[in-house]
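The values are calculated or read from the model by the stated rules, or taken from the named source; none is laboratory data. Remember, it's a predicted structure, so these values are computed and weren't measured experimentally. Reconstructed Cβ throughout: ideal geometry from the backbone, glycine too, with neighbour counts over all protein chains shown. Heads up: the accessible areas ignore ligands, DNA and RNA and are worked out on the full protein's heavy atoms, side chains in. Shrake-Rupley method; radii C 1.70, N 1.55, O 1.52, S 1.80 Å.
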Amino acid sequence: MVKKAVFFVKKGELKVETYTKDVDMKDDEVMIKVAYCGICGSDIHWLHNGELGPYPLQNEVYGHESSGIVTKVGSRVTSLRAGDRVCIEPFIPCTSYGCEPCRKGANNCCPHADSNAVTYGRSGFFRATNAWPENMCHKLPKNMSLEEGALVEPVACAAWSVKRSGLQGGDKVLIIGCGPIGLLCMMVAKAYGASKIIATDLNPKRLELASRAGANFSVLIDKNESPEAAAKRIVETMGEAPRVTLECTGSAPAINTGILATRRGGKLALVGLGESYVRVALTMASLREVDLLGVTRYNNTFPDAIELLSSGKIDSKVIISHVMGLDEAPKAFKMLMGGEGVKILLKCNED
């Protein structure tokens, strides 16, 4: 079998190469034949900017939204066996008692659980095979496809974003940005009890998807529109200000729109990642007592994500727009950077 992997060479450059030797598997790990790996906004950000916050681009294989089939297990593995279908929890916390976030159960805030695979001597999942710790692999229910398995990680992130926002049953919710994570946050918010959801985006096609994902209202934003004007239209369209806002773009105008549109005393979760530094209307946030909540990854929400997908509360057909081979990775990234498609899965094996 010809095995291939997608390497991030440098800013703006990918290459697809074949390999013969698998990643070394440890006693507490399993070898996985990777089925699908989704392209995340963070992958696009790395390729486009050469960095993501404090993490510079490495000449490595990335990819973390993955599913696959176990082909071999280490000598200390007890819960998995060859043939099991799994999704992969990609960020490995240190779990040390001396690590305060890990000790408190906030594994997503572990300073060692970053997304630089080189740190752990491990590769990402834009490749045909990979080894991974047993306790970071989750079995898929029989009624879930491997394509849906590749959505578990982003759904887990959306579930944590909604939980972090403090959403309560009956809340009115604003979703800013209807890319994959915005659409997933929308569906999770609906599943978790949001009574009404309003969605905004610059792209009318994305707003059409938002209505399928559960949005009750939508507002098409003009890129030259001021945050004040956009916020006014949002409140007028919904009939009231939302108590919870999930900002899924990371752009300064969108964040400021969220601050101004959110109900006084409400909460704004910063889900999207943009530039490292943005101009934010902090005075208005303070005067309106709008809580700005940082969100990173997922926090023990993989089981939640599997339940949401297996129960049908998350409709994968709304999210997955294309499935392409590893050879087509450069094309897939170009499509997403050009605003084409929603979630593209890379099929990591030809059979």
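Of the conditions (1) open to solvent by 30 Å² or more (accessible area, probe 1.4 Å); (2) over 18 Å from ASP84 (Cβ atoms), MET25 satisfies every one except a single condition; which number is it?
Just one mismatch for MET25, condition (2).
Given the criteria in a loop (DSSP other than H, G, I, E, B), touching a helix residue (DSSP H, G or I) at 6+ places or on another chain (Cβ under 9 Å), among the basic types (Lys, Arg) and more than 15 Å from ILE314 (Cα to Cα), does LYS163 qualify?
Answer is no for this residue.
Can you name the residue in segment 292-305 that is surrounded by 13 or more Cβ atoms within 10 Å (Cβ to Cβ) and in contact with a Leu (Cβ under 7 Å, 6 or more places away or on another chain) and is also nearest to ALA113 (Cα to Cα) among such residues?
VAL295
Tally the residues that are open to solvent by 20 Å² or more (accessible area, probe 1.4 Å) and either more than 30 Å from LYS11 (Cβ to Cβ) or in contact (Cβ under 8 Å) with a residue 60 or more places away in the chain (or both), restricting the search to segment 78-101.
Residues in segment 78-101 being open to solvent by 20 Å² or more (accessible area, probe 1.4 Å) and either more than 30 Å from LYS11 (Cβ to Cβ) or in contact (Cβ under 8 Å) with a residue 60 or more places away in the chain (or both): 15 in total.
Of everything in segment 254-268 that's outside any helix (DSSP H, G or I) and open to solvent by less than 20 Å² (accessible area, probe 1.4 Å), which residue is farthest from ILE181 (Cα to Cα)?
It comes out as GLY266.
Just need a number here: residues in segment 335-351 that are outside any strand (DSSP E or B) and either surrounded by 21 or more Cβ atoms within 10 Å (Cβ to Cβ) or touching a helix residue (DSSP H, G or I) at 6+ places or on another chain (Cβ under 7 Å) (or both).
5
Anything in segment 314-334 that is open to solvent by less than 30 Å² (accessible area, probe 1.4 Å) and under 18 Å from the mean Cα position of the chain (by Cα)? List them, or say none.
ILE314, SER316, VAL318, ILE319, ALA332, PHE333
When you look at GLU153, is it within 24 Å of LEU326 (Cβ to Cβ), open to solvent by 20 Å² or more (accessible area, probe 1.4 Å) and within 22 Å of the chain's Cα centre (by Cα), yes or no?
no
Among the residues of segment 91-109, is any touching a strand residue (DSSP E or B) at 6+ places or on another chain (Cβ under 7 Å), outside any helix (DSSP H, G or I) and within 18 Å of ILE344 (Cβ to Cβ)?
Within segment 91-109, none of the residues are touching a strand residue (DSSP E or B) at 6+ places or on another chain (Cβ under 7 Å), outside any helix (DSSP H, G or I) and within 18 Å of ILE344 (Cβ to Cβ).
Hey, could you check segment 130-150 for residues that are more than 24 Å from PRO93 (Cα to Cα) and touching a Phe, Trp or Tyr at 6+ places or on another chain (Cβ under 7 Å) and say which is least open to solvent (accessible area, probe 1.4 Å)?
LEU146
Counting just the residues of segment 233-253 that are in a helix (DSSP H, G or I) and under 23 Å from the mean Cα position of the chain (by Cα), which one comes out surrounded by the fewest Cβ atoms within 10 Å (Cβ to Cβ)?
For segment 233-253, the residue satisfying everything is ALA252.
Which of (1) touching a residue at least 60 places away in the same chain (Cβ under 8 Å); (2) open to solvent by 40 Å² or more (accessible area, probe 1.4 Å) does ASN224 not meet, given it meets every other one?
In the conditions (1) touching a residue at least 60 places away in the same chain (Cβ under 8 Å); (2) open to solvent by 40 Å² or more (accessible area, probe 1.4 Å), ASN224 misses (1) alone.
Take LYS3 and tell me if it is open to solvent by 50 Å² or more (accessible area, probe 1.4 Å) and either under 18 Å from PRO133 (Cα atoms) or not β-branched (Val, Ile, Thr) (or both).
Here the answer is no, as LYS3 does not meet what is asked.
A quick yes/no check of all residues on (1) within 22 Å of PRO133 (Cβ to Cβ); (2) under 17 Å from the mean Cα position of the chain (by Cα); (3) modelled with pLDDT under 95; (4) of a type in the set (Val, Ile, Thr):
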residue	(1), (2), (3), (4)
LYS11	no, no, yes, no
ASP22	yes, no, yes, no
LEU47	no, yes, yes, no
PRO54	no, no, yes, no
GLU65	yes, yes, no, no
GLY68	yes, no, no, no
LYS72	yes, no, no, no
ARG76	yes, no, no, no
ALA82	yes, no, no, no
